Amino acid sequence: MICDGSDIDPEHEEVGPVMDGDDRCFPKFEDDYRTYEQQRDFQRGKHQDVVVGAWCLGTGLAGMAGVSLTRRLRRRWGNGARAPGAQASFSDFRTR
């Protein structure tokens with residue numbers, strides 16, 4: 001686990017940012033400490049938020065790409081081609 005503040009070992013000495021099982025983390029801008037398990041759960045929660053956000057972004061982009069492709073294909077091959085000079089019907093305008 002990585003501590004973003006001070007990492008204190010069981011002998012109350014400050015160690016590097018990588019936590020061991022008995023260390024305590026004093027995060028920046030917080031008054032209380034976290035144990036190894038609490039810090040692990042905190043980091044997993046942040047990771048889960050990133051994963052969910054990436055999935056939502058990817059799904060949204062794929063949907064927009066699908067809509068764009070569908071519109072381009074309809075425009076290219078037509079949506080029921082009309083004869084030259086024929087009058088347009090309501091169905092020709094509803095997808096635009």
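Values for this structure:
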{"quantity": "FRET efficiency, 1/(1 + (r/R0)^6) with R0 41 Å, evaluated for T59 and H12 via beta carbons", "calculated": "0.30"}
{"quantity": "Karplus-derived 3J(HN,Hα), 6.51/-1.76/1.60, for each residue of the stretch 47-55, Hz, glycine and proline x", "calculated": "4, 4, 4, 5, 5, 5, x, 5, 5"}
{"quantity": "Sulfur and carbon atoms: percent of accessible area, the stretch 11-51 [1.4 Å]", "calculated": "48 percent"}
{"quantity": "Inter-site label distance for Q43 and E30 at 7 Å from Cα along Cβ, in nm", "calculated": "1.3 nm"}
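The values are calculated or read from the model by the stated rules, or taken from the named source; none is laboratory data. Every value quoted in this text rests on a predicted model; they were computed, and no experiment measured them. Here Cβ is always computed from backbone atoms with ideal geometry, including for glycine, and neighbour counts include all displayed protein chains. For accessibility, only protein heavy atoms count, side chains too; no ligands or nucleic acids. Shrake-Rupley method; radii C 1.70, N 1.55, O 1.52, S 1.80 Å.
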